[in-house]
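Notes follow the structure.
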Amino acid sequence: MQIIGRTATDVGNRRDNNEDFALVDEELGIYIVCDGVGGHKAGEVASRLAAETIHAQLAEHRDLLGTATPEDDVLDQLEQVMREAVQAACAAVYERARENRDNAGMGTTATALLVVGNRGIMGHVGDSRLYLRRGSAVHVLSTDHTFVTELLAGGVLTPEQAKDSPYSNLLTRALGKDRTVRVDTLVVEIMDGDDFVLCSDGFSNYLASDEELATLLGGVGLDVAQSLVLTARDRGGDDNITVVTVSARVEPSDTDELHRSSKVQIKLDVLRNVYLFAGLSMKELSKLMQIGTEVVYPRGAVIIREQENFDRLVIVVVGAVSVHLEDTELARLGPGAHVGEMGFFRGRDSGATVVAENDCTCLNIQYDKLDALMQKEPRIGHRLTRNVCEQLAHRLDEANRRLVDVAPSTLIDIDPSLWV
């Protein structure tokens, strides 16, 4: 997989100095954008110091950065390395501000992307952004750490009100304000044709919508970063503007890598079709894929055995499985189907046996990992719980309708609240 990085920055139309700083190291696969804040040009000091500290910290792990196909344990290490690198940058900016009066109160955002093999590892604090353009769709992989974003998430502001809020640039997290900071991380499987965009808010604030980025990226060639910066400048350029683009391309002759990219897309499509995960974003689906394990079951293999303790959700990606209760086959399930979700919520032994009908590929998600993710990411937990409730309500409606058809005399025993 060939990774092509481009960077561009501009002071904008209204500022005297550029407090943004971008750093690109294609050899190590490190891409960083920082947007500094602070008087007396201290923002410039903070952004450069943060980016260079993150780069230096990541570079200390060259052995890991050279991994061609990182496994789960390596990815866990890389995610921790990224988290520690951003934390080190936070401490460095904080200490520099304490040492020099001219730098008092300075801070900076930081959005970093580390590309290792066919994986991308994000580290993020503040309101600089990381976008992913995949096909014709654009996904925001970072979350703005601003006061307005929190009000929006809490339902205090509508999206329309948020756009015009005077507090849109008020950060709730930044490097250097305290010695430590909570760092957002994410691991993403990179596919052929993916385009990442790291940018300061001097660019993102001038996007008519996130989706517009797909059009802007599709209309230029190798000077894409410079073109994006000029677009923001032409639209007002009230702030410093910085853009780093990272494009992934696979040679047509690399059939193994193209096949892997195809499998990633299949897994994503399957996850989107699982009712449990309906409504989740690309970022959230990536977190699910991160805790999932791909398992190939040979034809005839017993995946789940009736009355045995079962500890995982099984999602069929390729092939088919059959569900049996004693000697009776209840159903055959193909790609996109899943089994085991009731075990997660009921916490008891499996009620049926599941057998691979042919060589089938499944994505297994351990219950304990799913539970930990739901606690760590409340929005995912809320979405899954709501989806289960909607599914159970649908099944209850179906059961009640069948009772109307076959045993209307039993309806008197049903709680009326279950009908409305």
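With I315, I304 as the choices, which residue is out of contact with any Pro (no Cβ under 7 Å at 6 or more places or on another chain), buried (at least 17 other Cβ atoms within 10 Å of the Cβ) and over 30 Å from L141 (Cα atoms)?
Result of the check over I315, I304: I304.
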inquiry  = Every residue in region 97-125 that is surrounded by fewer than 18 Cβ atoms within 10 Å (Cβ to Cβ) and in a helix (DSSP H, G or I), please.
reply    = R98, E99, R101, D102
key: Where Q161 falls short, out of the listed (1) without any contact (Cβ under 8 Å) to a residue 24 or more places away in the chain; (2) farther than 28 Å from K287 by Cα; (3) part of a loop (DSSP other than H, G, I, E, B)   = (3)
ask   = Conditions: (1) under 19 Å from D371 (Cα atoms); (2) modelled with pLDDT under 90; (3) not charged (D, E, K, R). Q307 meets all but one. Number of the miss?
value = (1)
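Yes or no: region 306-322 includes at least one residue that is over 19 Å from R346 (Cα atoms) and basic (K, R).
Looking only at region 306-322, we keep the residues that are over 19 Å from R346 (Cα atoms), and these are 316-322.
Adding the requirement that they be basic (K, R) leaves none.
No, region 306-322 has no match at all.
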inquiry  = Looking at V296, V323, V317, can you tell me which residue is in contact (Cβ under 8 Å) with a residue 24 or more places away in the chain, more than 28 Å from V74 (Cβ to Cβ), of a type in the set (A, V, I, L, M, F, W, C) and in a strand (DSSP E or B)?
reply    = V323
Matching residues in region 252-265 - criterion: being in contact (Cβ under 8 Å) with a residue 60 or more places away in the chain and either within 22 Å of C360 (Cβ to Cβ) or in contact with a His (Cβ under 9 Å, 6 or more places away or on another chain) (or both) = R260, S261, V264, Q265
ask   = In this structure, does R48 turn out to be part of a helix (DSSP H, G or I), among the charged types (D, E, K, R), assigned by TED's automatic domain parsing to the domain that holds L186 and farther than 30 Å from V250 by Cβ?
value = yes
request  = Mind listing just one residue for me: the one in region 336-383 that is part of a loop (DSSP other than H, G, I, E, B) and hydrophobic (A, V, I, L, M, F, W, C) and, of those, modelled with the highest pLDDT?
outcome  = A337
request  = Check region 6-27 and report whether any residue there is in contact with a His (Cβ under 6 Å, 6 or more places away or on another chain) and either touching a residue at least 40 places away in the same chain (Cβ under 8 Å) or over 27 Å from R233 (Cα atoms) (or both).
outcome  = no
request  = Within region 23-70, track down each residue that is polar (S, T, N, Q), over 14 Å from R96 (Cβ atoms) and surrounded by 15 or more Cβ atoms within 10 Å (Cβ to Cβ).
outcome  = Q57, T67
key: Qualifying positions in region 26-41 - assigned to a loop (DSSP other than H, G, I, E, B) and small (G, A, S)   = G29, G38, G39
ask   = In region 374-385, what count of residues is obtained for those that are touching a residue at least 12 places away in the same chain (Cβ under 8 Å) and either closer than 12 Å to L276 by Cβ or surrounded by fewer than 13 Cβ atoms within 10 Å (Cβ to Cβ) (or both)?
value = 3
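The values are calculated or read from the model by the stated rules, or taken from the named source; none is laboratory data. Everything quoted here is computed from the prediction, not taken from an experiment. All Cβ positions, glycine included, derive from the backbone under ideal geometry; neighbour counts span all protein chains shown.
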